[in-house]
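The values are calculated or read from the model by the stated rules, or taken from the named source; none is laboratory data. Please read these numbers as outputs of a predicted model, since none were measured by experiment. Note that we place each Cβ from the backbone using ideal geometry, even for glycine, and neighbour counts take in every protein chain shown.
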Amino acid sequence: MRIALAADHAGYEYKDRIVKILRDGGHTITDFGTWNSTPVDYPDYGYAVGEAVASGQADRGIVVCGSSLGIAMAANKVPGARCAPVCEPYSADLARRHNDANVLALSERLTGWEMVERLVEIFLKTPFDEGRHRERVDKLFEYTQTWKNRTLKVLETGKVTGAETPKDLLPT
Ligand code: RB5
């Protein structure tokens, strides 16, 4: 499998260990860094992996930061990336079976190494249960392509604000 990985300064040690294990296991790895504890911004690393997966350059992605949360938020900004922050096996399994997660986000500060190894294994070997989940997953991508129109429409009809017309939204 072609796997893209990245981490910020709070996640690079786990990332480096995962890179080694996956390389030894015969996977093709793209490692976007970081490689040391010099502070960096997790969005840059989440975007890199999200883009690699969404563009088809990688089959799966794995990202690591202190909590798993920020880097997952970043990866999920990329249309086509479906990143699941996961800290226990059941969610890892469901992220694949129901959500077709293509990026796994891990926490170096909150999750022990043995659990991380299990989560990576589950993430890589568990299939997507197509069927009823396909349409729902497709909707996630569809939204990224249409959200501007949808949001404007909602504002126009006042659904969000309770305003009667767009004019009511303007400051007086
Ligand atoms: C870095 O200190 C930390 O904020 C980052 O790794 C991550 O946990 C953000 O969500």
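Taking every residue in region 1-29 that is under 21 Å from PRO43 (Cβ atoms) and pairing it with any residue that is away from the ligand (no atom under 12 Å from the Cβ) and of a type in the set (Lys, Arg), at least 6 positions away or on another chain, the pairs with Cβ-Cβ distances below 8 Å are ILE3/ARG60; ALA4/ARG60.
For region 61-84, which residues satisfy the criterion of being on the phi > 0 side of the Ramachandran plot and touching a helix residue (DSSP H, G or I) at 6+ places or on another chain (Cβ under 8 Å)? Of everything in region 61-84, just one residue is on the phi > 0 side of the Ramachandran plot and touching a helix residue (DSSP H, G or I) at 6+ places or on another chain (Cβ under 8 Å), namely GLY80. Taking the conditions exactly as written (farther than 27 Å from GLN145 by Cβ, of a type outside the set (Asp, Glu) and at pLDDT 95 or above), does ALA10 satisfy them or not? For ALA10, the condition - farther than 27 Å from GLN145 by Cβ, of a type outside the set (Asp, Glu) and at pLDDT 95 or above - is met. Filtering region 1-35 to residues that are charged (D, E, K, R) and either within 18 Å of GLU108 (Cβ to Cβ) or within 16 Å of the ligand (Cβ to nearest atom) (or both) leaves ASP8, GLU13, LYS15, ASP16, ARG17, LYS20, ASP31.
Scanning region 61-91 for residues that are in contact (Cβ under 8 Å) with a residue 40 or more places away in the chain, more than 8 Å from the ligand (Cβ to nearest atom) and closer than 24 Å to ARG23 by Cβ returns GLY61, ILE62, VAL63, VAL64. (1) assigned to a strand (DSSP E or B); (2) closer than 23 Å to ARG134 by Cβ; (3) not β-branched (Val, Ile, Thr): which one isn't true of ALA6, the others all being true? In the conditions (1) assigned to a strand (DSSP E or B); (2) closer than 23 Å to ARG134 by Cβ; (3) not β-branched (Val, Ile, Thr), ALA6 misses (2) alone. Which residues, taken from region 36-60, are out of contact with any helix residue (DSSP H, G or I) (no Cβ under 6 Å at 6 or more places or on another chain), without any contact (Cβ under 8 Å) to a residue 60 or more places away in the chain and away from the ligand (no atom under 16 Å from the Cβ)? Residues satisfying the conditions are GLU51, ALA52, VAL53, ALA54, SER55, GLY56, GLN57, ASP59. Every test in (1) among the hydroxyl-bearing types (Ser, Thr, Tyr); (2) closer than 21 Å to GLY112 by Cα; (3) assigned to a loop (DSSP other than H, G, I, E, B) is passed by TYR14 save one, and that test is (3). When you scan region 85-130, how many residues do you find that are farther than 22 Å from THR34 by Cβ and hydrophobic (A, V, I, L, M, F, W, C)? Residues flagged as farther than 22 Å from THR34 by Cβ and hydrophobic (A, V, I, L, M, F, W, C) within region 85-130 amount to 8. With respect to (1) part of a loop (DSSP other than H, G, I, E, B); (2) more than 16 Å from the chain's Cα centre (by Cα); (3) within 16 Å of TYR14 (Cβ to Cβ); (4) free of Cβ contacts under 8 Å to residues at least 60 places away in the same chain, the lone exception for GLU121 is condition (1).
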